Amino acid sequence: MKKIFIDEQYCIGCRLCEIYCQVKHSKSKKILKAFREDQPGTLARVLVEEIGSNSFAIQCRHCEDAPCTGACISGAMAKNENTGVVICDEEKCVGCWSCIMVCPYGVIKRDIKSKKVASKCDLCFDEEEPVCVKNCPNEALKIKEI
Amino acid sequence: MPLKLNQSEFVVERDLNKCISCEVCVRQCSNDAHEYDADDKTVLSEASKCVGCHRCESLCPTEAITIRKKAAEFKDNSNWQQAHIKNIYKQAETGGVLLTGMGSDKPHTVYWDHILFNAAQVTNPSIDPLREPMEIKTFIGAKPEKLEIEKNDSGFKLKSKLGPHLELSTPILFSAMSYGSISLNACKSLASAAYSFGTFYNTGEGGMHKDLQHFAKNTIVQVASGRFGVNRQYLRSAAAVEIKIGQGAKPGIGGHLPGEKVTADISSTRMIPEGSDAISPAPHHDIYSIEDLAQLIYAIKEATDYLKPVGVKVSAVHNIAPIASGIVRAGADFVAIDGFRGGTGAAPQAIRDNVGIPIELALAAVDTRLREEGIRHKAAIIIAGSIRSSSDIIKAIALGADAVYIGTAALIALGCHLCQKCYTGKCNWGIATQDPYLTKRLNPSIGTKRLSGLLRAWSHEIKEMLGGAGINAIESLRGNREHLRGINLSEIELSILGIKHAGQAW
């Protein structure tokens, strides 16, 4: 499957990945509308961690043996057998946050503003390339087949 | 509040209908011109801190920011121009020398813009470089007096011995820019673009960083007045050695890399203590004459077993023609001449804008002088000092240059917006800085692609212009000033350039 790789050497901490991720997962998919009118706002599913001059963007690693899928009590979190992408079915998610407790990377967030569901990277499965990768101005995020 | 005589140079316009308060501009500005107000959830800007580098504008996802020049606020005065008044305010306040970066921005004549190139019509056919071979390969080094060829059983063989030379796939090299004046990522981009394109970059006086040693075959190393980073391996691993006497932006002036920029990495590359100021004296203290220069040239040739071309870089000053003649007679294999519009990381503004002569006149004068003395073949001429386009290159070659160095153009390709604040070390584009938060912004793999793109584009344009003039090899254009015509130039300018005025036929 394809996975997103992070070159932390060249992450400039601009957080454009977060912004475009928010837009992509918003109702309108338009940047101005997403930040202005789509209320409550959408969460970014990629997160830039930063200490001093070191920073990197991290999103769901789509683990081979994803602990979140095992921990999920409602069967919402599941790994697609064909694509390998771990996706949370928002219709099924009951917001128990078990996935958050077991995620070794801390990349699942509580979306309490809109629906009470676990919010995580879906690898932009309906796009040619994830929007965080596409919009990184310094090519610090790359998607590669592994 | 203290009295503020100098007002902001720029206006930061923020379209509040478009600003989403994402804070990208806040995070990107090393001058702290933007600030997020958490109470109001808005971004505020302080124009007085803006240097006009356009980083925020380039990264703003909604195009909400426009950086504009602030309109003149003084009464019109052709004598006391705004720059004079502002500089006096600044100097009266600080009592210091005005520093600046990049090349002169003063409106002196740019002779390239007064020279027009020729094309073939009827009496000689033009050539389409996409369909017919076109040679722009260039050699840098001394040429033999004459070529002797002997015939043996297997065919013809070159009998004359050729001296060491550099082989360039295009007549463009990257100028000397040291690690220290620019970031390691900028150096990596230059080195790897030179390597992949088959040309050369120049270490400047920064020494050769260990990560760049595998590009040594595409490296010209510099020996300058501070002798930083110079050792046996440095000289022997490089493709050529350049003795730096002067720089176009600041002839007669040395260099000073402040101690705070001398990080552990730079200290080991330059071979000086960490945190110590790296001072390049104004002169080489062992070179006070052409004879002294000859000694250093031959000392380096000895050290490199006469296997590498050794050149000398000088800035274009009033006596450049006899100086160049002396350099060639001292044994240099190439002479690099840097014109007064050449760039720099830091120079006193008074010197940058007032000292030296334009490269076009210097080049014409040197080429003419060396031809008259019958020694033009003994050294190649590389010129520098504001080569802005492929047409500048083709005109330079027709005026007599073998190749050109590009510095500012290369940095622009890497994102430089010519804000002229290199000396502050806060370059938002990750070029003229050593701050790890800023240097990351220049990803060398992107930098390499962009520089290679520029070289490819300019090489293609050079071929197109050569073809249009009916020439199929750049060697046939070199020094062929009949292909040039001046426009709006005086008799004396035309005579120094050695070209006819537009409208004059052969």
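Viscosity 0.890 mPa s, temperature 25 °C: what is the translational diffusion coefficient of the protein assembly as shown from Stokes-Einstein with a Kirkwood Rh over Cα pairs, rounded to a whole number of µm²/s? Mind dumping the intermediate values first?
Values: Rh = 27.9 Å.
Result for D is 88 µm²/s.
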Open item on the list: 7 Å from Cα along Cα→Cβ at both residue B:354 and residue B:233: what's the point-to-point distance in nm?
Closed with: 4.6 nm
Task: Unsatisfied cross-links (Cα-Cα over 29 Å) in the set B:18/B:86; B:90/B:426; A:144/B:137; B:86/B:188; A:79/B:440 - done: B:18/B:86; A:144/B:137; B:86/B:188; A:79/B:440
Open item on the list: Need one word for the stretch B:241-334: rounded, prolate or oblate. Basis is the Cα gyration tensor (sqrt eigenvalues a ≥ b ≥ c); a/c below 1.5 gives rounded, then a/b vs b/c decides.
Closed with: oblate
TODO: Just list whichever of B:75/B:250; B:161/B:301; B:217/B:250 have alpha carbons separated by over 22 Å in the model shown.
DONE: B:75/B:250; B:217/B:250
Task: Two-site FRET efficiency, residue B:271 against residue B:99, from Cβ-Cβ distance with R₀ of 41 Å, rounded to 0.05 - done: 0.95
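With a 10 Å radius around each residue's Cβ, average the other Cβ atoms per peptide and rank A:128-137, B:157-166, B:312-321, highest first.
Numbers: A:128-137: 19.4, B:157-166: 13.5, B:312-321: 22.1.
Sorting A:128-137, B:157-166, B:312-321 by mean packing, highest first, produces B:312-321, A:128-137, B:157-166.
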TODO: Enter the Cα centre distance for the pair the stretch B:271-338 and the stretch B:447-500, rounded to the nearest angstrom.
DONE: 28 Å
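Using Cα pairs under 8 angstrom and six or more residues apart, how large is the relative contact order of chain B, in percent? Working shown, then result.
Values: 1057 pairs, mean separation 95.6, N = 506.
Once divided by the residue count of chain B, the mean separation gives 19 percent.
Rounded to two decimals, what is Rg over Rh for the stretch B:84-131 when you use alpha-carbon atoms and the Kirkwood radius? Kindly include the intermediate steps, with their values, before the conclusion.
Values: Rg = 23.3 Å, Rh = 16.2 Å.
For the stretch B:84-131, the value is 1.44.
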TODO: Measure nothing fancy, just the Cα-based angle from helix B:444-468's long axis to the longest principal axis of chain B, in degrees from 0 to 90, nearest 10.
DONE: 50 degrees
Open item on the list: Quick check: the angle from helix B:320-329's long axis to the longest principal axis of chain B, C-alpha only, nearest 10 degrees?
Closed with: 50 degrees
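Taking the Cα centre of the stretch B:10-96 as origin, sum charge times position over the Cβ atoms of Lys and Arg (+1) and Asp and Glu (-1), and report the length of that vector in debye to the nearest 20.
Details: 12 positive and 14 negative charges, 82 e Å.
In total the dipole reaches around 400 debye.
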- [ ] Quote the charge dipole size of the stretch B:59-190 about the Cα centre in Debye, to the nearest 20; the model charges only the Cβ of Lys and Arg (+1) and of Asp and Glu (-1).
- [x] 320 debye
Task: Mean ellipticity per residue at 222 nm, deg cm²/dmol - from DSSP H runs of n ≥ 4 across chain A, formula -39500 (n - 2.57) - done: -4500 deg cm²/dmol
Task: Residue mean of other protein chain beta carbons inside 10 Å, A:9-19 - done: 6
Open item on the list: Need one number for the stretch B:183-341: average projected area of the convex hull over its C-alpha atoms, nm².
Closed with: 9.1 nm²
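Order these by the 10 Å Cβ neighbour count, fewest first: B:361, B:99, B:168, B:257. Intermediate values should be presented prior to the final figure.
On the way: B:361 19, B:99 16, B:168 22, B:257 26.
Listing B:361, B:99, B:168, B:257 from fewest to most nearby Cβ atoms yields B:99, B:361, B:168, B:257.
Percent relative contact order of the stretch B:316-373, based on C-alpha pairs within less than 8 angstrom and at least six residues apart? List each step's numbers first, then the result.
On the way: 54 pairs, mean separation 29.8, N = 58.
Reported relative contact order: 51 percent.
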Task: Nearest-ten-degree value, helix B:290-303 long axis tilted from longest Cα axis of chain B - done: 80 degrees
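Given the DSSP H assignment, sum -39500 (n - 2.57) over each helix run of at least 4 residues in chain B and divide by its residue total; what's the result at 222 nm in deg cm²/dmol, nearest 500? Write out the running numbers ahead of the final one.
Working: 15 runs with 146 residues, N = 506.
After summing the helix terms and dividing by the residues of chain B, the value is -8500 deg cm²/dmol.
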Open item on the list: With both bridge residues required to lie in the stretch B:131-234, what share of the DSSP beta bridges run antiparallel, to the nearest 5%?
Closed with: 65 percent
Open item on the list: Less than 18 Å apart at the alpha-carbon level, and either on another chain or at least 8 residues along: which aspartates and glutamates does that give for residue A:142?
Closed with: A:7, A:8, A:18, A:49, A:122, A:126, A:127, A:128, A:129
- [ ] Take every residue in peptide B:17-26, count the Cβ atoms of other chains within 10 Å of its Cβ, and give the average of those counts.
- [x] 4
Open item on the list: To make sure I understand, if each residue's beta carbon is the centre and we count other beta carbons within 10 Å, what order do B:174, B:10, B:117, B:74 fall in, fewest to most?
Closed with: B:74, B:117, B:10, B:174
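What is the mean number of Cβ atoms from other protein chains located within 10 Å of the Cβ atom of each residue in peptide B:322-335, rounded to a whole number? Can you show the working numbers first?
Numbers: counts 0, 0, 0, 0, 0, 0, 0, 0, 0, 0, 0, 0, 0, 0.
Across B:322-335, the average partner-chain Cβ count within 10 Å equals 0.
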- [ ] Please work out how much length the chain gains when fully extended from residue B:32 to residue B:492, using 0.36 nm per residue of separation minus the C-alpha to C-alpha distance, in nm with one decimal.
- [x] 160.6 nm
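Nearest 20 debye, what's the magnitude of the dipole of the protein assembly as shown about its Cα centre given +1 on Lys and Arg Cβ and -1 on Asp and Glu Cβ?
On the way: 78 positive and 74 negative charges, 43 e Å.
The dipole magnitude comes to about 200 debye.
A short reminder: the numbers here are calculations on the coordinates, not readings from a lab. All values derive from a computational prediction rather than experimental measurement. FYI the Cβ positions are ideal-geometry reconstructions off the backbone, even for glycines, and counts take in every protein chain you see.
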